[in-house]
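K.L.:
A single structure is presented below for examination.
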Amino acid sequence: MSDPKSESIESVLAENRSFHPPKSFAEAARIGTRETYERMWSQSIDDPERFWGRIACELPWLEPFDEVLDWSDAPVAKWFGGGKINASHVCLDQHLETERADKVALIFEGEPMGDGGPEIRTFTYAELHGEVCRFANVLKARGIGKGDRVAIYMPMIPEAAMAMLACARIGAIHSVVFGGFSATSLEDRILDGGCKAVITADGGWRRGTVLPLKPAVDEAIAKCEATEGGSPVETVLCVQRCGNEVDWTEGRDFWLHDELMEVSDECEPEPMDSEDVLFLLYTSGSTGKPKGIVHTTGGYMVGAYLSTRFVFDLQEDDVYWCTADIGWITGHTYIVYGPLANGATMVMYEGAPNAPHEGRFWEICERHKVSVFYTAPTAIRAFMKWGDEHVERYDLSSLRLLGTVGEPINPAAWIWYRDKVGGGRCPIVDTWWQTETGGIMITPLPGVSATKPGSATQPFFGVDAAIVDENGRELPDGQGGLLAIRKPWPSMLRGIWGDEARFRETYWSKWEHAGKPHFYFPGDGARKDPEGNFWIMGRVDDVLNVSGHRLSTMEIESALVSHPSVVEAAVVPRPDDLTGEAIVAFVIPTGSVEDVQAIVEELRDHVATEIGKLARPAEIRITTRLPKTRSGKIMRRLLRAIAAGDDVTQDTTTLEDPTILDELRAGGPA
Ligand code: WTA
């Protein structure tokens with residue numbers, strides 16, 4: 001096994017191995033020749049309206065659109081104006097008229113391994129359609145309708161996908177909150193979105209134990225009630241998954257299975273304007289407050305449909321498995337909307353990759369004959385660490401294509417994935433994108449691209465990406481700079497819920513031109529090699545990426561300072577072999593600290609309560625001072641170097657008090 005530790009960003013820069021798709025793959029691929037790819041790509045850039053107009057016509061519109069793009073109100077784009085469409089109709093109803101009606105849409109595998117093997121539930125397209133219609137009727141019966149916001153706080157079970165599709169069917173806006181977020185995070189999102197209902201479960205299975213969810217919903221709503229405006233939540237719908245004991249509020253809480261008995265399985269899809277909101281999904285930015293990214297219906301569905309089809313080269317008999325959680329954008333676009341819009345068969349797994357053993361993912365691949373597999377670099381690094389024997393025990397010959405997403409992948413992990421999981425024969429698509437982009441933006445096309453370990457390679461159709469400097473000037477190949485997107489694309493975000501100013505400021509103000517927003521600023525640094533391949537170098541703002549989960553330094557700092565023993569805190573990332581980045585916090589306590597270990601543990605737990613376990617710092621260093629410039633700004637770059645154990649090479653003359661460096665270094669790991 002190669003050692004991920006031996007690598008550094010320099011080795012990524014020096015990486016020049018290149019892998020061409022096997023001939024047999026290219027021959028059978030949806031796009032298998034460079035000529036086809038280049039022709040389509042040029043069309044998509046030279047005449048995007050024609051390109052996207054044609055692609056959009058492959059979806060079933062309830063009423064045709066009459067204008068492909070209206071960018072006159074930039075940066076708020078209007079795609080497919082005049083058209084009416086419904087996302088659940090695109091994902092389900094369109095297939096019912098075809099042979100796909102009886103094709104398996106969803107294979108679910110629960111985590112617990114009973115004596116007779118795990119629980120497996122499958123749904124054909126016709127069955128899934130029936131379930132979603134009934135679910136939608138339950139929502140309607142509870143007074144939820146078009147434009148209402150519904151929070152979804154669920155484990156990875158079929159009802160999670162059904163809940164999203166049921167909302168889409170009646171035109172309600174879903175706001176999925178990852179089940180690993182705390183009650184406080186859920187409260188914030190319920191209040192910000194003004195959610196009228198919450199869909200949850202008693203609990204979900206995680207590493208052999210029940211992870212309760214309903215108690216967090218109760219706590220979140222109680223906290224909402226204690227706010228000035230009160231709680232917007234009128235209804236809680238609860239799925240019975242684990243049978244764990246839950247508290248019940250009569251008149252507000254309802255069991256889904258009871259409600260389903262009362263409703264019919266017929267529910268017409270609500271015709272939505274192309275630009276009606278489909279969902280909100282909260283993500284972290286540079287400031288303390290997560291932002292509700294707004295995605296609308298028509299453009300998002302067109303982007304999800306096309307990218308799933310071509311990036312994963314979906315064929316009719318594929319069994320596709322994306323291991324993300326539906327709480328993240330990857331789960332929205334590449335578990336629910338993209339695969340179903342393409343009529344694919346997909347796998348959904350409830351639990352952890354090492355429950356009850358480290359080969360669980362590969363066991364699932366073998367059992368269901370997974371052919372397309374999409375996961376995160378962090379998971380791949382964990383598999384490497386657990387050892388090759390767990391992979392080698394299973395027959396993975398059904399796999400034909402592999403993907404990664406969420407963070408930069410180090411070449412050693414890429415090569416391991418290719419050799420050990422892909423048997424050296426499966427192309428790897430390293431896909432760069434964001435919650436805001438809605439769909440994959442920079443990616444290999446598996447039948448065409450020569451892939452390179454660590455590079456997301458080239459922009460997808462319609463994506464005009466460039467490396468620019470602070471002033472928006474394009475940089476020469478090889479030079480690192482800021483990634484910029486120079487054209488609107490259908491699945492782009494339409495705003496931040498309730499905060500248009502922040503939307504303009506965050507993404508569109510950096511490179512204004514003649515008073516107009518010019519390019520989209522994703523917040524990532526990157527460079528391009530002479531062959532036109534993009535190498536993403538990570539965030540250039542205060543966003544952290546821990547195990548592919550996006551968090552903001554300020555969000556964690558605010559959580560820390562909300563603890564009575566903390567005066568001030570500064571959070572920085574430190575490179576980590578397993579999680580990509582790890583969270584390091586420098587904390588100034590209110591008084592003298594007797595027991596450092598105790599306060600450190602208390603603060604880590606406090607962050608878990610405020611945000612969720614995923615935000616718990618790996619290391620907390622207690623200090624009496626923080627390095628500041630004379631104007632009072634915390635010098636984060638310096639803290640980063642100290643956290644990483646690197647020599648401080650940067651200029652420290654602006655530092656208010658240079659002796660502080662020794663104290664911070666001596667602090668060492670707490
Ligand atoms: C990072 C996840 C390198 C990047 C879909 C981006 C990546 C942020 C890659 C978005 C990749 C995502 N290579 N970095 N293939 N994919 N990122 O919103 O920093 O959770 O800005 O969306 O993850 O994270 P988000």
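The values are calculated or read from the model by the stated rules, or taken from the named source; none is laboratory data. Because the structure is predicted, anything quoted here is derived from the model rather than measured. Reconstructed Cβ throughout: ideal geometry from the backbone, glycine too, with neighbour counts over all protein chains shown. Accessible surface is based on the protein model in full, side chains and every heavy atom, while ligands, DNA and RNA are left aside. Shrake-Rupley method; radii C 1.70, N 1.55, O 1.52, S 1.80 Å.
K.L.:
Could you list, in sequence order, the residues of segment 184-202 that are open to solvent by 10 Å² or more (accessible area, probe 1.4 Å) and either assigned to a strand (DSSP E or B) or not β-branched (V, I, T) (or both)?
P.N.:
E187, D188, R189, L191, D192, G194, K196
K.L.:
Now for a separate question. List every residue pair whose Cβ atoms sit under 6 Å apart, with the two residues 6 or more apart in sequence or on different chains, where the first one lies in segment 576-590 and is charged (D, E, K, R) and the second, anywhere, is open to solvent by less than 30 Å² (accessible area, probe 1.4 Å) and outside any loop (DSSP other than H, G, I, E, B).
P.N.:
Pairs found: D576/A582; D577/P4; E581/L544; E581/V546; E581/P573.
K.L.:
I'd like to know if segment 280-292 contains one or more residues that are touching a Pro at 6+ places or on another chain (Cβ under 7 Å), within 16 Å of the ligand (Cβ to nearest atom) and modelled with pLDDT under 95.
P.N.:
yes
K.L.:
Related question: Considering each residue of segment 259-297, count those that are outside any loop (DSSP other than H, G, I, E, B), within 16 Å of L59 (Cβ to Cβ) and charged (D, E, K, R), and give that number.
P.N.:
So the answer is 1.
K.L.:
Follow-up. Name the single residue that is most open to solvent (accessible area, probe 1.4 Å) among those in segment 363-400 being touching an Asp or Glu at 6+ places or on another chain (Cβ under 6 Å) and outside any helix (DSSP H, G or I).
P.N.:
Here the residue is D395.
K.L.:
Of all the residues that make up segment 240-293, how many are charged (D, E, K, R), open to solvent by less than 40 Å² (accessible area, probe 1.4 Å) and farther than 30 Å from A501 by Cβ?
P.N.:
Result for segment 240-293: 3.
K.L.:
Now a separate question. Just give me the residues in segment 86-114 being polar (S, T, N, Q) and in a helix (DSSP H, G or I), in sequence order.
P.N.:
S88, Q94
K.L.:
Return a yes/no flag: does segment 571-591 have any residue that is open to solvent by 60 Å² or more (accessible area, probe 1.4 Å), more than 16 Å from the ligand (Cβ to nearest atom) and part of a helix (DSSP H, G or I).
P.N.:
no
K.L.:
Next question, about the same structure. Counting just the residues of segment 516-570 that are of a type in the set (V, I, T) and under 20 Å from the mean Cα position of the chain (by Cα), which one comes out surrounded by the fewest Cβ atoms within 10 Å (Cβ to Cβ)?
P.N.:
V540
K.L.:
Another one. How do the pairs read when you match residues in segment 79-103 that are closer than 17 Å to V132 by Cβ with residues anywhere that are open to solvent by 20 Å² or more (accessible area, probe 1.4 Å) and small (G, A, S), using Cβ under 8 Å and keeping only pairs 6 or more apart or on different chains?
P.N.:
Sorted first by the residue in segment 79-103, then by its partner, the pairs are L96/A126; A101/A126; D102/A126.
K.L.:
So for segment 628-642 (the condition being outside any loop (DSSP other than H, G, I, E, B) and of a type in the set (S, T, N, Q)), does at least one residue qualify?
P.N.:
Yes, that holds for at least one residue.
K.L.:
Among V429, V421, V391, V448, which is the only one that is at pLDDT 95 or above, in contact with a strand residue (DSSP E or B) (Cβ under 6 Å, 6 or more places away or on another chain) and on the phi < 0 side of the Ramachandran plot?
P.N.:
V429
K.L.:
Among the listed residues A466, A450, identify the single one that is surrounded by fewer than 20 Cβ atoms within 10 Å (Cβ to Cβ) and closer than 30 Å to A28 by Cα.
P.N.:
Answer to the selection: A450.
K.L.:
Which residue out of G143, G130 is open to solvent by 10 Å² or more (accessible area, probe 1.4 Å), on the phi < 0 side of the Ramachandran plot, in contact (Cβ under 8 Å) with a residue 60 or more places away in the chain and not aromatic (F, W, Y)?
P.N.:
Residue meeting the stated conditions: G130.
K.L.:
Could you list, in sequence order, all residues of segment 596-633 that are open to solvent by 40 Å² or more (accessible area, probe 1.4 Å) and of a type in the set (A, V, I, L, M, F, W, C)?
P.N.:
V596, A598, A618, I622
So that you can scan it fast, the table gives a plain yes or no per residue for (1) of a type in the set (S, T, N, Q); (2) in a strand (DSSP E or B); (3) under 30 Å from I620 (Cβ atoms):
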position	(1), (2), (3)
K487	no, no, no
R527	no, yes, no
E531	no, no, no
W535	no, yes, no
G538	no, yes, yes
R550	no, yes, yes
A559	no, no, yes
H563	no, no, yes
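K.L.:
All but one of (1) assigned to a loop (DSSP other than H, G, I, E, B); (2) among the small types (G, A, S); (3) closer than 25 Å to L578 by Cβ; (4) open to solvent by 10 Å² or more (accessible area, probe 1.4 Å) hold for S455; state the number of the condition that does not hold.
P.N.:
With (1) assigned to a loop (DSSP other than H, G, I, E, B); (2) among the small types (G, A, S); (3) closer than 25 Å to L578 by Cβ; (4) open to solvent by 10 Å² or more (accessible area, probe 1.4 Å) applied to S455, the lone miss is (4).
K.L.:
Taking the options V463, V448, name whichever one is among the aliphatic types (A, V, I, L, M), away from the ligand (no atom under 16 Å from the Cβ) and in a loop (DSSP other than H, G, I, E, B).
P.N.:
Result of the check over V463, V448: V448.
K.L.:
Here's another thing I want to ask about it. Scan segment 312-328 residue by residue and report those that are within 16 Å of V421 (Cβ to Cβ), in contact (Cβ under 8 Å) with a residue 60 or more places away in the chain and open to solvent by 10 Å² or more (accessible area, probe 1.4 Å).
P.N.:
Once the filter is applied, which keeps residues that are within 16 Å of V421 (Cβ to Cβ), in contact (Cβ under 8 Å) with a residue 60 or more places away in the chain and open to solvent by 10 Å² or more (accessible area, probe 1.4 Å), segment 312-328 yields only V319.
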